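Comments concern the structure below.
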Amino acid sequence: MLNDLPQITVTELAAQMANPPEPLQLIDVRESEELELAQLQGFIHLPLSQFPQWSTSIYQTLDPHCTTLVLCHHGVRSAQCCQWLMSQGFTHVKNIAGGIDAYSCEVNSNIPRY
């Protein structure tokens with residue numbers, strides 16, 4: 001199931017964040033405690049554990065036709081969110097493969113690992 005999910009590598013993410021080819025919607029689905037440990041600038045915080053609180057207003061928060069990239073710790077929770085967004089009609093959704101942990105390992109070692 002996750003194999004069919006569109007993905008972006010952390011290296012591709014860094015390049016797009018540095019020079020976006022188009023507007024990007026960046027979502028981080030990790031918990032607040034995780035954001036205190038490590039985070040990337042420009043991401044909207046929508047914790048997966050609070051899904052009932054934010055899911056009903058998703059169209060007021062995000063544009064379903066804008067490129068949407070979803071981040072978590074390793075890529076599992078973000079994949080769940082991607083699948084849900086796609087089921088809601090979002091057309092350009094990608095999971096950030098490896099999550100913030102891979103970003104720390106491959107792109108910016110100043111981002112703490114946990």
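Quick look at the numbers
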{"item": "Residue satisfying all of: in the stretch 64-114; on the phi > 0 side of the Ramachandran plot and out of contact with any strand residue (DSSP E or B) (no Cβ under 7 Å at 6 or more places or on another chain); surrounded by the fewest Cβ atoms within 10 Å (Cβ to Cβ) among these", "result": "GLY89"}
{"item": "Qualifying positions in the stretch 18-39 - at pLDDT below 95, under 20 Å from CYS81 (Cα atoms) and among the aliphatic types (A, V, I, L, M)", "result": "LEU24"}
{"item": "Residue among ALA14, ALA18 that is at negative phi, of a type in the set (A, V, I, L, M) and in contact (Cβ under 8 Å) with a residue 40 or more places away in the chain", "result": "ALA14"}
{"item": "Counted residues, the stretch 84-114 - those being of a type outside the set (Asp, Glu) and within 19 Å of GLU31 (Cα to Cα)", "result": "15"}
{"item": "Given (1) at pLDDT below 95; (2) over 13 Å from the mean Cα position of the chain (by Cα), index of the condition ARG113 fails", "result": "(1)"}
{"item": "Test set (1) in a loop (DSSP other than H, G, I, E, B); (2) surrounded by fewer than 18 Cβ atoms within 10 Å (Cβ to Cβ) - GLN53 fails condition number", "result": "(1)"}
{"item": "Among (1) free of Cβ contacts under 8 Å to residues at least 12 places away in the same chain; (2) part of a loop (DSSP other than H, G, I, E, B); (3) within 15 Å of the chain's Cα centre (by Cα), the one test that PHE90 misses", "result": "(1)"}
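The values are calculated or read from the model by the stated rules, or taken from the named source; none is laboratory data. Since the structure is predicted, the reported quantities are computational estimates derived from the model, not experimental observations. Heads up, the Cβs are rebuilt from the backbone with ideal geometry, glycines too, and the neighbour counts pull from every protein chain shown.
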